[in-house]
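Heads up: the structure comes next, in structure tokens.
The values are calculated or read from the model by the stated rules, or taken from the named source; none is laboratory data. In this text, all values refer to a predicted model and were calculated from it rather than measured experimentally. Heads up, the Cβs are rebuilt from the backbone with ideal geometry, glycines too, and the neighbour counts pull from every protein chain shown. These area figures cover heavy atoms from the full protein model, side chains too; ligands, DNA and RNA do not enter into them. Shrake-Rupley method; radii C 1.70, N 1.55, O 1.52, S 1.80 Å.
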Amino acid sequence: PWFKKLNLIKIEGCDYAMSFRDSVNSAEVGHLDSSINKAHIEFSPIPINSETLVYGSLKSEQVDYFSIEDIDSSNIPLRKLYLAKKEQGKWHSTGEYSEPIGEQFHHIGNAALSPDGERFYFTQCRNNWQNKVICHLYRTEKEDGNWGEPIKMNDLINLPNYTTTQPTIGRESKRNQEVIYFVSDRPGGKGGLDIWYTEYHARKKIFKAPKNAGAKLNTPGMEFSPYYDLATHSLYFSTDGRPGLGGLDVFRVEGEKTKWDKETFQNMGKAINSPADDFDFVLNKDRESGFLVSNREGGVALMNGTCCDDIYSFEYVEYVNVPLNGLVIDSSECLDDVDVFLYMTDQESGEQYLAEELRINPCTFSFMLEPDRNYHI
């Protein structure tokens, strides 16, 4: 039954792609330079700020073959995290990024940094006894400004013999507690890889048992590389289980946990999506630009035109930002060391959720708002 459903979706996708044939590109997309994009795969771009990027890569310039007996050999290249800097408008690699992780003996990648910069989540992958690649989530926290030892997350999250990978950090609206969305092939899904989530209980300092993000989001196909944008209460993710322009397409939807607004489902359109696989979508802080990963033609190819994943930057062709600048004063006196909270209100339900928070010193603050939204401070 699931194969029949996917087949119908692919047929519908052909008509859908044809409808975009004469449409205008939604964004301008650029290929990052050869110090970053190598012949094998690049993945999981994480913008730390406007001039710093962490990304994953398998740095090898050729096709290598290894026997199963050599699977633990130190000669086998590992997927690792690397750092890139932007100078004079161009990105270039500056070497390995191991600060929050320490020494790396297994495949590392698919990381996420908490909004306050205090917690770092990442994936570690290795082969199990059946030679199946199994990925699990780890986290590390800052202690007095230094990263602590990485801790493997509990067995409810890292279900033995199933993959748990590609974390992104959201926030639930009632208590503003951290929610970790991730991808897993564990039992109870809708098909293939599904998006799941676990909530962090701040007072008890525990992560709750994971739940499936629901049938509104997950399909009989494969859901991949979720990215949660706190400022717009939106989840971006890739899937091959919905009509699109190619293999994996990037979609956007508003909501949280298992509550997703069907009316806001949106294919991110031409340029962001291509006839190939497009995933690992992430936004910069300005929300006008960001990064994605694709095996579209035009990348650094190892064996054929669409063999390998590269990192691309993008900038929306049309984007409206509404700047809000203000002061926090009391009886005409400027206040320092004040927390300012920006809330967005859902127009249908009236529910409010935290979009952004700032500690200001001195008393000025600045937010970038979205058009056609209701806010309060």
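Quick notes
- Residue within segment 214-221 that is within 21 Å of H107 (Cβ to Cβ) and either assigned to a loop (DSSP other than H, G, I, E, B) or in contact (Cβ under 8 Å) with a residue 24 or more places away in the chain (or both) present: no
- Residue in segment 302-310 that is open to solvent by less than 20 Å² (accessible area, probe 1.4 Å) and not in a loop (DSSP other than H, G, I, E, B) present: yes
Yes/no matrix, rows are residues, columns are (1) in contact (Cβ under 8 Å) with a residue 24 or more places away in the chain; (2) open to solvent by 30 Å² or more (accessible area, probe 1.4 Å); (3) assigned to a loop (DSSP other than H, G, I, E, B):
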position	(1), (2), (3)
P100	yes, no, yes
T123	yes, no, no
E141	no, yes, no
S173	yes, no, yes
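- Yes/no for N154 being at pLDDT 85 or above, within 15 Å of E199 (Cα to Cα), out of contact with any helix residue (DSSP H, G or I) (no Cβ under 7 Å at 6 or more places or on another chain) and outside any strand (DSSP E or B): yes
- Condition check for N267: at pLDDT below 95, crowded, with 22+ Cβ neighbours inside 10 Å and under 19 Å from the mean Cα position of the chain (by Cα): no
- Matching residues, segment 201-242, being among the hydroxyl-bearing types (S, T, Y) and crowded, with 18+ Cβ neighbours inside 10 Å: T219, S225, Y227, Y228, S234, Y236, S238, T239
- Boolean, K90 is closer than 17 Å to Y181 by Cα, open to solvent by 80 Å² or more (accessible area, probe 1.4 Å) and without any contact (Cβ under 8 Å) to a residue 60 or more places away in the chain: no
- Matching residues, segment 316-344, being exposed (fewer than 15 other Cβ atoms within 10 Å of the Cβ) and part of a strand (DSSP E or B): V322, P323, L324, N325, G326, L327, I329, D330, E333, C334, D339, F341
- Cβ-Cβ contacts under 8 Å between residues 6 or more apart (or on different chains), taken from a first residue in segment 178-191 that is without any contact (Cβ under 8 Å) to a residue 40 or more places away in the chain and polar (S, T, N, Q) to a second residue that is in a strand (DSSP E or B) and buried (at least 19 other Cβ atoms within 10 Å of the Cβ), are listed as S184/T164; S184/T165; S184/D194; S184/W196.
- The residue that is modelled with the lowest pLDDT, among those in segment 270-301 that are of a type outside the set (A, V, I, L, M, F, W, C) and open to solvent by 40 Å² or more (accessible area, probe 1.4 Å), is G298.
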